[in-house]
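The values are calculated or read from the model by the stated rules, or taken from the named source; none is laboratory data. For clarity, every value in this text was computed on a predicted model and none was experimentally measured. No Cβ is skipped: glycine too gets one built from the backbone with ideal geometry, and neighbour counts run over all protein chains shown.
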Amino acid sequence: MAMIVSIASGKGGVGKSMVASNLGLLLARQGKRVVLVDLDIGGANLHILFGLLQPQKSLSDFVSRKVHSLDEITLEVEWGAGLRLIPGTGETLATANMPYAKKQRLIRHLQLLDADIVLLDCPPGTSYQALDFFLQGQAQIVVANPDPTSVIELYRFLKLAAIRKVLTRVLSRDHSGTKTSLMEEEFVSIEEVLAAIGDDDPATKQSAEQALREFSPLFVLNRTTPKSRVSIAYLQQVVSKFIGSELLMLGEIPADESVEQSIRIFQPVVDLAPKSSAAMALDQIMQRLLLYMAHQDRVLAQLCHTTT
């Protein structure tokens with residue numbers, strides 16, 4: 001079964017799809033069979049980043065059941081043997097408001113893809129679809145840039161993803177349906193969720209707390225400059241204190257004109273300018289991701305955890 005890696009962001013425009021496309025290519029060049037899946041509904045652009053301007057079929061065809069298998073809409077990407085792409089959709093009512101049953105069908109088929117690694121380029125923001133797709137990853141990557149609004153939205157995304165993960169875990173244990181109403185409440189903190197679960201069901205509360213301990217997203221900070229003022233250590237402390245989860249530092253990508261050039265000519269920066277600062281940072285991130293996937297334990301978590 002494929003390892004699923006999800007990539008998300010609290011807001012659009014931070015370079016999430018650039019990270020996804022280049023990581024996909026780098027992983028394929030390591031001999032991995034990689035499928036990139038563009039789930040960014042309304043802003044699908046992975047195909048454009050590879051120069052595939054008008055794919056004949058897309059995820060819309062699968063969601064609308066015009067095709068019955070994701071293999072029917074999967075494209076080979078010329079930049080690297082072993083790299084395939086499932087193009088995303090345009091913004092339609094059917095996909096922007098995907099019913100629960102269709103979303104679950106898509107998730108089941110994603111899990112069955114014949115690959116070593118499935119990279120999910122998730123929608124930005126905090127819709128249920130964005131959170132649920134993100135939480136499918138055995139490795140979960142969040143991307144932000146040093147802009148204050150990006151960092152704030154990243155924290156908001158992580159908080160809501162943690163709440164969604166806990167509620168999903170609780171409901172999976174609630175065979176009587178007594179806690180179904182929790183999904184209808186608007187929680188603003190993990191503390192509120194745990195309080196709502198209550199102490200009368202110790203096993204369920206313990207399961208919820210375990211879900212939090214398992215939530216350790218990997219952080220990529222994109223477009224850094226010498227003037228960047230993001231304290232990663234402080235952000236990690238805030239996430240640990242108010243969410244109860246670890247935020248593991250996967251790497252930083254410096255602002256680099258080669259990235260902008262690569263996007264303009266539809267060629268991944270790791271192929272266009274492999275010795276550029278951005279490409280070398282992406283390669284290091286890919287290597288650390290491979291280590292994380294091979295050794296998802298506390299020792300590696302500490303290796304990934306920044307102390308700066």
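The table for this structure:
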{"item": "Within the range 194-225, considering residues that are closer than 24 Å to G251 by Cβ and assigned to a helix (DSSP H, G or I), the one nearest to the chain's Cα centre (by Cα)", "result": "E214"}
{"item": "Elements of type strands (runs of 3 or more DSSP E) in the range 59-173, at least 1 residues being touching a Ser or Thr at 6+ places or on another chain (Cβ under 8 Å), closer than 21 Å to I243 by Cα and not small (G, A, S)", "result": "139-144"}
{"item": "Any chance L212 is modelled with pLDDT of 95 or more, among the aliphatic types (A, V, I, L, M) and buried (at least 18 other Cβ atoms within 10 Å of the Cβ)", "result": "no"}
{"item": "Test: residue in the range 38-51 that is modelled with pLDDT of 95 or more and either out of contact with any Ser or Thr (no Cβ under 6 Å at 6 or more places or on another chain) or not hydrophobic (A, V, I, L, M, F, W, C) (or both)", "result": "yes"}
{"item": "Contacts under 6 angstrom Cβ, first residue in the range 192-215 being within 19 Å of Q296 (Cβ to Cβ), partner part of a helix (DSSP H, G or I), 6 or more apart", "result": "A211/K165; A211/V166; A211/R169; F215/A162; F215/K165"}
{"item": "Members of the range 261-291 found to be under 15 Å from V220 (Cα atoms), in contact with a Gly (Cβ under 7 Å, 6 or more places away or on another chain) and not basic (K, R), listed by number", "result": "A281, Q284, I285"}
{"item": "Residue that is nearest to Y234 (Cα to Cα) [pool: residues in the range 175-204 that are of a type in the set (D, E, K, R) and surrounded by fewer than 16 Cβ atoms within 10 Å (Cβ to Cβ)]", "result": "E191"}
{"item": "Positions within the range 1-12 being surrounded by fewer than 22 Cβ atoms within 10 Å (Cβ to Cβ), in contact with a strand residue (DSSP E or B) (Cβ under 9 Å, 6 or more places away or on another chain), over 20 Å from I117 (Cβ atoms) and not charged (D, E, K, R), in sequence order", "result": "none"}
{"item": "Complete set of residues in the range 227-244 that are within 15 Å of R213 (Cβ to Cβ), in a helix (DSSP H, G or I) and aliphatic (A, V, I, L, M)", "result": "V239"}
{"item": "Residue in the range 13-42 that is surrounded by the fewest Cβ atoms within 10 Å (Cβ to Cβ), counting only those that are of a type outside the set (A, V, I, L, M, F, W, C), more than 12 Å from the chain's Cα centre (by Cα) and over 20 Å from E252 (Cβ atoms)", "result": "G31"}
{"item": "Of all residues making up the range 236-286, the number that are within 17 Å of I141 (Cβ to Cβ), of a type outside the set (D, E, K, R) and in contact with a strand residue (DSSP E or B) (Cβ under 8 Å, 6 or more places away or on another chain)", "result": "12"}
{"item": "When residues of the range 1-58 are limited to those that are of a type in the set (A, V, I, L, M) and part of a loop (DSSP other than H, G, I, E, B), the one farthest from P124 (Cα to Cα)", "result": "M1"}
{"item": "R65 being of a type in the set (D, E, K, R), over 30 Å from V269 (Cβ atoms), over 17 Å from the mean Cα position of the chain (by Cα) and at pLDDT 90 or above", "result": "yes"}
